[in-house]
Amino acid sequence: MQQSLLFRKTEEYHENELKLLFQKYNRPMTSDEVNKKWTSNMPESELNHLRLHLSWAMGINAFEWDRQTIGEQTIVQLQLGL
């Protein structure tokens, strides 16, 4: 029971960090627009943090994905409501 609580708290942490990174770097032109290349100017260290949080949210390894794929998959996860 305690292990499952720890796992859920870890999932919540990674989901929240994924949202925060998206909010920090996405700069849409209008409220309805999402910049599909929002990761293009993200520093590599921040991109690696995004990879980590996205890997947890999706349950797969996102460390070999390029910037655009990471950006697109983050948007998909956020649209799914994590």
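Values quoted throughout were computed directly from the atomic coordinates according to the rules given, and no laboratory measurement underlies them. Not measured: the values here are computed from a predicted model. Backbone-built Cβ (ideal geometry, glycine too); neighbour counts: all protein chains shown.
What value, in deg cm²/dmol to 500, does the helix sum -39500 (n - 2.57) over DSSP H runs of n ≥ 4 give at 222 nm once divided by the residues of the chain?
-21500 deg cm²/dmol
Taking a label point 7 Å from the Cα of residue 14 along the Cα→Cβ vector, which residues of the stretch 36-65 have an amide N closer than 18 Å to it? Only 46-65 fall inside the zone, counting backbone N under 18 Å.
Counting only alpha carbon atoms, the long axis of helix 67-79 and the longest principal axis of the chain meet at about 60°.
What does the net charge come to around residue 81 if you take all other residues with beta carbon closer than 12 Å to its beta carbon, with K and R at +1 and D and E at -1? Write down the numbers at each step before the final one.
Working: positive: 19; negative: 15.
My count for the surroundings of residue 81 gives 0.
Taking 15 Å as the straight-line reach from the Cα of residue 36, the aspartates and glutamates in range (excluding those fewer than 8 positions away in the same chain) are 66, 72. Note on residue 37: lysines with a C-alpha under 22 Å away, same-chain residues under 8 apart excluded, are 19, 24. Mean 1/r over all different Cα pairs, inverted: what Kirkwood radius does the chain give, in Å? 13.1 Å is the Kirkwood radius here.
By count of other Cβ within 10 Å, fewest leading, how are 4, 40 ordered?
Numbers: 4 8, 40 11.
Result, fewest neighbours first: 4, 40.
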